[in-house]
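Remarks on the structure that follows.
The values are calculated or read from the model by the stated rules, or taken from the named source; none is laboratory data. Because the structure is predicted, anything quoted here is derived from the model rather than measured. Cβ placement follows ideal geometry from the backbone for every residue including glycine, while neighbour counts extend to all protein chains displayed.
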């Protein structure tokens, strides 16, 4: 009786509205913004990074197209069941395991980066483990919940980030100097193009993770496609504006000497000339982005593991076991902080490409092949 | 489970009376009376403390006697009429028989027989003959006579037939102003502890025939009536069935207040925030019922429950519909700022003072440092002490009787204000911070909501003391997660904000659409979306 | 859920994470630091700390015995900047907290050697936000300046900072640069840095006590002096006081200035209210030409005899006088930059770097660091008189 009640109660709360589904496009995609994405982009194309951001945003439409195509032909399953049904049990499980292991690795990298950031800028005397534990508390608390609750979390975080973005833009706009944009395209057009590829890979791969939501859980409403498009334009606007304002305020030379230029830019913000030094408060938007990405990635892994393991009690402990694994790996791998940067810079793009894009494209091809097969069969049946 | 009664052994009224006497262990406030109507004996049993003695004396006794007299006169008149017609023929025949005594005897026998027949019949069908407003025949084998006795009914027992007549005493206070939800404008009546008056206060506002009242009795020893009210063509019936099922499953000794039902229905251990509204104002309840919610009226409780609840119902006030909409926009903005201030301010202050001193302007920092010289406690401990002191003061304010009220609160404020600062125990800035926090928390009238906000204030404070601004951010994330995962009857708790619905955000959070243009109901609560409000031009 | 939070908090205590929590009473809030080098090559640091000791509320008035001073000064020396700062804790009961520092004084000796290596500590530290003012002390040492108490403001650092700002806004002969702007100018190609300088008048020993500010005319005062210019990150010399106005004008930073025109008998004083500057770079026949275009609005504030303001011709002649003066002074300033100071202060090279990048590289490859002599500057001034004061005719 109790189980039925819980199921009944959570069923209606388990559905996602169309705006909730669209809000994932904003909150999940910025996990790699602070320190990894912008660091690599500013190193390659110094002043022209905003062009790279715009080009990368246009290129991200490819990922949205892939996502849309997989979803319409997915027969209302999520990607784990879809892989199993398209390719059989063995190959499907291998694809799923590649996805999950890559995601776990990316979560570890992102957590290492953000805890280094907090340790350097906020609290240099504390141990790193303290900060890692502090980050893991909300992530594990939320990763074990259902997708309806996570979509509501993402909508609330969207509002908070909107407020902080408006506050930081209002505080920073008086300090802009437009002649920091010159010289334009000093080294030619190649650096912005390669930066655009970095943008495209790092900021749009989380969109592909949205295939974990089966179509049955989304409540259809009119204009749901327009909502997704509008929200995606807003997300690209946020990223491009952060990069653009950082370039305009700091200038070309200062960008290259700092490790976290988008945080240093916030140091210049001053509201009404009284409230200054708000960078610690305004940088909370970066922290929330990272936490949302980690929540969603862990939810992906937990959903995969839930289908393997049965039993209600074991299901509840799963996020905590994952958190323990992450904590131990962090302590073992990243003893000093410098090792992380080399690893991240050299290897992250191939890891993301091979680990996430390739399985998704294989799934896409599988759905195309199956759709063609079904059409051929229906044609045969119609004629015969 | 019913205890075994020797219900089949009742042969006469005396057995029933003895059974009642023994079961109540001869309680002193049960009154047993016997009426004699001619040759019939009618027993009356009632409980003196819950019944209205005047009513019994006036109405029941007199109407029984009237019944007796009427029926005699009627029947004698009829019979006399018939007899007279018959007797006239006889007397015309036997005119000078001269046996007067015989004639009188015959008459007497005839009339007496008629009397007896008619009276006992009437007494057996007393529920149809007596002119009381509520009278019911009880079968002692299947129903519970004690429920009727202690609810203020008088039991008239005639030869193993029991009739219960309502004669309640009025043990309630009169309808007065609400004690916790005061408003400046608008209706000022509030619910009291009388069940039918509460239902009446709602009925007189919604005079539609679609407003349905269903009743259930909950609680083994208290047998409290719980009434479910809803508008049948607006509400979703699955919600009603859900609530009814849950109420049937309750097996508890007594329901002493509507809070018991609230706890059972909402599984309150998991949720910090209250997910059921309990209010004292009938205009608010009618407003909610029209939106498609259900109201639960509980006997002996002046608080009516409304299901389901959203967070905006606790933050918004009923005054927004009672005042001009231009002025309430500013009031709403101030209220939302107060909501954030009351949770975050002590934590923010402690985080800035302890970890991130660079965010404070220099002049302010110098004055803070000067004030904190000589204070023995660290800032976190000081904040905890002040919060505890203010909570004690506030709680004492509720309990102290009016006579001693003002002196004690002045003493408390003086202690916390001047004396503590001068003694060097706390710094003056901490008192200002905690005072701002507590004053902002007074905006929220529901006590459960204030308790939830107080708990979150403490959690934020602990995290701020551990990790500064980043701790505040983590606690904020936990708050968001908790807010997003509370559901109220499988509807999301933070409704217009988290499953985002822009029309409802405009309606509830930002501004209120004029009454003449508000033509749609909320889709989450009901399927009947149109209201009939468009002005015809 | 609450049990889990409690358990995690206990775990966090085990990691001993409260190292970063510091009480306000444990901080010594530094408001200014002075860097100097002594004969042995060791850094001598002076720190001015705000006094946050609680004053007795029942204390006497200022006539009966002195009140404690509102700043205290610490000195120490060591071979590195950070070492010197740490050595100060020998004398001070609290740890120094430099996040609210507002002024950094550098002596001439340090500025002439390697200034920015010494400043690396301040740039790298996480508590700073690089929003303090960098100033050179002219003819004195930072230690003497930091020990002087000032009238009109209780916090001497605030007094220095405000006097720099007031000079910038009203007299125009100094600049208002904070360290982050200095760093970005230093790192840019084709431009050299200019910085504020501060000097001391009177006897430094007398300035340390309360007696200095008790009289109406204090003997020891801190004044703002001329701008100091750099070349290749080392201090080279000082500009004239008037040239600061034209430096600000060329960098589009002038708020207000005052010009004395004419001789004593028929001269007048003009005050510049608004000034705008546009610059355009050109390359013609292998010659590098920059055109400056100034638009200035002036007001007349003081006239000696024999001038009638209501005549249109008078106004035109006055405008022409102002234009010529500005033009001639500016050209002489540019010539001074080329010949006397030998450093590119206004940033001609940087203009080429931003607008015509290829030409800049050609110029670098042809002339190296000597390109300044080959740049010609044209100047065009437009003056409009907007305000003549309230007196219409001479009296």
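Test of understanding: among B:396, B:374, which residue is surrounded by fewer than 20 Cβ atoms within 10 Å (Cβ to Cβ) and at the interface with another protein chain (Cβ under 8 Å from one of its Cβ atoms)?
B:374
Just checking, how many residues over segment C:91-124 are within 14 Å of another protein chain (Cβ to nearest Cβ), free of Cβ contacts under 8 Å to residues at least 40 places away in the same chain and touching a strand residue (DSSP E or B) at 6+ places or on another chain (Cβ under 6 Å)?
0
So which of A:265, A:278 ends up being in contact with a helix residue (DSSP H, G or I) (Cβ under 6 Å, 6 or more places away or on another chain) and within 13 Å of chain C (Cβ to nearest Cβ)?
Result: A:265 is the single residue among A:265, A:278 that is in contact with a helix residue (DSSP H, G or I) (Cβ under 6 Å, 6 or more places away or on another chain) and within 13 Å of chain C (Cβ to nearest Cβ).
Can you find even one residue in segment B:102-114 that is outside any helix (DSSP H, G or I), out of contact with any strand residue (DSSP E or B) (no Cβ under 7 Å at 6 or more places or on another chain) and outside the structural domain of residue B:296 (by TED's automatic domain parsing)?
No, the conditions are met nowhere in segment B:102-114.
Go through segment B:150-176 and count every residue that is part of a loop (DSSP other than H, G, I, E, B) and either at pLDDT below 85 or surrounded by 13 or more Cβ atoms within 10 Å (Cβ to Cβ) (or both).
Residues in segment B:150-176 being part of a loop (DSSP other than H, G, I, E, B) and either at pLDDT below 85 or surrounded by 13 or more Cβ atoms within 10 Å (Cβ to Cβ) (or both): 10 in total.
Checking residue C:134 against (1) away from chain B (no Cβ under 14 Å); (2) under 26 Å from residue A:260 (Cβ atoms); (3) over 23 Å from the mean Cα position of the chain (by Cα): exactly one of these is not met. Which one?
Of (1) away from chain B (no Cβ under 14 Å); (2) under 26 Å from residue A:260 (Cβ atoms); (3) over 23 Å from the mean Cα position of the chain (by Cα), only one is false for residue C:134: (3).
Among the numbered criteria (1) more than 14 Å from chain C (Cβ to nearest Cβ); (2) surrounded by fewer than 23 Cβ atoms within 10 Å (Cβ to Cβ), which single criterion is violated by residue A:116?
(1)
Quick grid of which residues meet (1) modelled with pLDDT of 85 or more; (2) assigned to a loop (DSSP other than H, G, I, E, B); (3) more than 10 Å from chain C (Cβ to nearest Cβ); (4) surrounded by fewer than 19 Cβ atoms within 10 Å (Cβ to Cβ):
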residue: B:336; (1), (2), (3), (4): yes, no, yes, yes
residue: B:343; (1), (2), (3), (4): yes, no, yes, no
residue: B:346; (1), (2), (3), (4): yes, no, yes, no
residue: B:349; (1), (2), (3), (4): yes, no, yes, no
residue: B:358; (1), (2), (3), (4): no, no, no, no
residue: B:370; (1), (2), (3), (4): no, no, no, yes
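With the checklist (1) part of a helix (DSSP H, G or I); (2) more than 14 Å from every other protein chain (Cβ to nearest Cβ) in hand, flag the one item residue B:425 doesn't pass.
So the condition that residue B:425 fails would be (1).
Can you tell me which residues in segment C:84-125 are touching a helix residue (DSSP H, G or I) at 6+ places or on another chain (Cβ under 7 Å) and in a loop (DSSP other than H, G, I, E, B)?
Those that are touching a helix residue (DSSP H, G or I) at 6+ places or on another chain (Cβ under 7 Å) and in a loop (DSSP other than H, G, I, E, B): C:94, C:99, C:100, C:102.
Could you say which residue among B:442, B:483 is facing chain A (nearest Cβ under 8 Å) and surrounded by fewer than 24 Cβ atoms within 10 Å (Cβ to Cβ)?
Exactly one residue qualifies, and that residue is B:483.
When you scan segment C:333-368, how many residues do you find that are part of a helix (DSSP H, G or I), surrounded by 19 or more Cβ atoms within 10 Å (Cβ to Cβ) and in contact (Cβ under 8 Å) with a residue 60 or more places away in the chain?
So the answer is 10.
Among B:505, B:513, which is the only one that is within 30 Å of residue A:22 (Cβ to Cβ) and either surrounded by 22 or more Cβ atoms within 10 Å (Cβ to Cβ) or modelled with pLDDT under 80 (or both)?
B:513
Given the structure, is residue C:148 assigned by TED's automatic domain parsing to the domain that holds residue C:98 and more than 14 Å from the chain's Cα centre (by Cα)?
The answer is yes for residue C:148.
Restricting to segment A:333-357, what's the tally of residues that are surrounded by 13 or more Cβ atoms within 10 Å (Cβ to Cβ), under 18 Å from residue A:129 (Cα atoms) and at pLDDT 70 or above?
Number satisfying all stated conditions: 2.
From the list B:436, B:459, B:469, which one is farther than 20 Å from residue C:23 by Cα, at the interface with another protein chain (Cβ under 10 Å from one of its Cβ atoms) and in contact (Cβ under 8 Å) with a residue 12 or more places away in the chain?
On inspection, the qualifying residue turns out to be B:459.
If you scan segment B:372-389, which residues turn out to be out of contact with any helix residue (DSSP H, G or I) (no Cβ under 6 Å at 6 or more places or on another chain), closer than 16 Å to residue C:21 by Cα and part of a helix (DSSP H, G or I)?
B:381
Please work out if residue A:308 is within 14 Å of chain C (Cβ to nearest Cβ) and either crowded, with 20+ Cβ neighbours inside 10 Å or farther than 23 Å from residue A:235 by Cβ (or both).
no
For segment A:36-55, state whether one or more residues are within 26 Å of residue B:499 (Cβ to Cβ) and in contact with a helix residue (DSSP H, G or I) (Cβ under 9 Å, 6 or more places away or on another chain).
No.
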